[in-house]
Amino acid sequence: MATHGGSAGEYKDLVVFLAAAGVVVPLFNRLKISPVLGFLAAGVLLGPDGLARLSGAVPWLNWLTISDAGQIRLLSELGVAFLLFMIGLELSWERLKAMRRLVFGLGLTQVAVCTVGLAAMFMLMGQTLVSAAVLGMGLALSSTAVVMPVMAERGRMGGATGRSTFSILLAQDLAVAPILITVTVLAATALQTATPAGEFDPAVLRPALLTLIPAAIGLALIVILGRLVLRPMFRSVARARSRGQGQELFVAASLLVVVGAGLAAQIAGLSMSLGALVAGLLLAETEFRREVEVSIEPFKGLLLGVFFVGVGIGLDLDVVASDPARVFGLAFGLTALKAVLIYGAARLWGVKNRTAIETALVLGPAGEFAFVILAAGAVEGIVSPDFSRTVMIAATISMFTVPLMAMLAQRLVNKVAKEQPDLVPEALVPTPEDGQVLIVGFGRVGRLVGEMLLEHQQPFMALDANASTVAKGRAEGSNVFYGDAARSEMLEKCAIDRVRAVVVTMDAPTKVDEVVEAVRKMRPDVILIARARDSKHAERLYRLGVTDAVPETTEASLQLAENTLVDLGIPMGLVLASVHEKRDQFRKVFQAAMPEGDTSRAPRALRSTLRR
């Protein structure tokens, strides 16, 4: 029986977290409060400073609290890694290259300026130069895990503010490994200069500097292995799935890539999130990018929830209660100083006033990597443990304010006004899906449609559930991805809200119907053309709401008639006119099957739209 009790205790924290996710977060959603705040509040409530304080008087409350914060912290690292992996999938090397001026210009400028400014503040508070430098580097970073979901929730990621914010966050993530190495170097320097001789020996830096070599080798291996292994692995999984072995194989392969790349990066001395970001960048170049996004989305949200709960658990209310003025004053001071410095850096790099204000406010609070860097500083003996703990509590409180800062920022910049293109040209990289035609099915018919679109300078993106067909299309240079367009999640990842038209070319009537229903449900206004098996199928498609249905049997008959008449010597103009007239007659018959009151979408709408 004891064994069973121990097992139950091991899973207790997981059950408590899932209960919080299922109760607290929906409650916050109903109250129109950010889910991020919901998870943070749940962490405070369920942590050792929350309900656990009452467990002495009420023992059963132990079952409502999280007792092992270390277990939660381990899962929260995975949550951040999943977030960075998804960011990498959306980026691709081309977009990263296009944004290099903002990432390595604005982003690294922000890290440097905030480090110097915060270090100066801590020196005024009595810290030594080395201690202040470590504190400044740790707090100069913001929270990717908190800021990105909050910005996405408020619909700010697609505009200038989202791109400038993301550029800075990406630069910060890239700076984590060099900062950790710098902390080690500073510790070695402080130790050497503290010796009686007082002379600095460069040899003491050698172990720290040598850590750069495995980091560089590890990063190179992740990139090389990723390019060699990822596409064949997912192609094999896709073939197995096409034989009816289920979606779980894709989920398993996606989890393997995120966790494997993250662990490889950790072994090399880099952060797990940086390894996951690189893996995402590599997968973004493959045809399986969209399917991986759909497969991994639920895990990212849940594990990020674990991260936020872990942050809430880390808020030591005893420290706050012992000196609230100092803790809250420090949280306010570092947030305000960072916001001012980020605003200045953004303006320096050409970001317009409104975007700079919003970017500065959401990035003002501290981030999760501050805990890693300050912990390293405490271990190395650079920062006193007591002061480091106070700073960490202040950083945690500042992270709680991110949703509030985002709301304040939008109000300050007049959120109802249309956002102008406020960034320098490098940041205004258009989303690839904007204004494209989505072709569903890329067999012989789909490829021909794609060729005709390109001939008239109309960009397209294609989806197909056959891995071999996708591979053939990619080999020909076509913008085709693996995925099932009948799933709303897949259509979302293909930016269904921004495509100009959808053309369904598959030869399976049931599947065509499923795709048409899914598309029409999400985009009632989009031009939707579908391939029909015969006249009855065409009638059914019109009832489902297609703009135009093209029945194979009817079109084949018209083509045969056209060729016969031309070969008999009838003038081409007369033949084409009669064929078009007959086609319009068929279309009217098919459209007559549409429900009354449904305004018929003009069959020539596609051509007129594409001409614009």
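Every number in this text was worked out from the coordinates using simple rules, so none of it is lab data. Computed from a prediction, not measured in an experiment: that's the story for all the values here. Heads up, the Cβs are rebuilt from the backbone with ideal geometry, glycines too, and the neighbour counts pull from every protein chain shown.
Fewest-first ordering of Thr165, Thr510, Thr469, Thr335 by other beta carbons within 10 Å of each residue's beta carbon gives Thr510, Thr469, Thr335, Thr165. If you wrap the Cα atoms of segment 445-550 in a convex hull and average its projected area over all directions, you get 6.3 nm².
As a proxy for reagent exposure, ranking Trp60, Trp349 by other Cβ atoms within 10 Å from fewest up yields Trp60, Trp349. A full extension of the chain between Ile570 and Arg326 corresponds to an added length of 78.5 nm, given 0.36 nm per residue minus the alpha carbon distance. Computed from label points 7 Å out along Cα-Cβ, the spacing between Ala152 and Leu225 is 2.7 nm. Label positions at Ala112 and Leu560, each projected 7 Å from the Cα along the C-beta direction, are separated by 7.4 nm.
Arranged from fewest to most other beta-carbon atoms within 10 Å of their beta carbon, Met123, Met490 become Met123, Met490. Once both labels are positioned 7 Å from their Cα atoms along Cα-to-Cβ, the gap between Leu448 and His580 label points is 2.0 nm.
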